[in-house]
Amino acid sequence: MAKFEVYKDKAGEFRFRYKASNGEVMFASEGYKAKSSAMEAIESIKKNVASATVEDLSKS
């Protein structure tokens, strides 16, 4: 099952990564000073991802 993992990096900041059901990391976040900020970012992604559009910038 896919999941978000929240962890502390070497600098003491909170980060998260999204792992697919096969364990592959699909994306990772920036560092946050507060764990609550990282959790809010996860909730924002979960809430808004269904309506996100895809912008293809590879076209010339």
Worksheet item: Cross-link partners among lysines for K33, C-alpha distance below 23 Å, same-chain residues fewer than 8 apart left out?
Response: K3, K8, K10, K19, K46, K47
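Treating only the Cβ atoms of Lys and Arg (+1) and Asp and Glu (-1) as charged, compute the dipole magnitude of the chain about its Cα centre; round to the nearest 20 debye. List each step's numbers first, then the result.
Working: 11 positive and 9 negative charges, 45 e Å.
Charge dipole, the chain, about its Cα centre: 220 debye, nearest 20.
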Fill in: Candidates S21, S44, S29, ranked by Gaussian network fluctuation over the chain, Cα under 10 Å, top entry
S21
Worksheet item: So what's the angle, to the nearest 10 degrees on a 0 to 90 scale, between helix 35-48 and the longest Cα principal axis of the chain?
Response: 20
Worksheet, complete the sentence: Matching label for the computed Cα Rg over 2.2 N^0.38 Å, out of [x] 1.30; [y] 1.39; [z] 1.05, is [x]
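Laboratory data are not the source of any read-out in this text; all were calculated from the coordinates shown. Keep in mind that what you see is a predicted model, and the values were worked out from it rather than measured. As a convention, Cβ positions derive from the backbone with ideal geometry for all residues, glycine included, and neighbour counts pool all protein chains shown.
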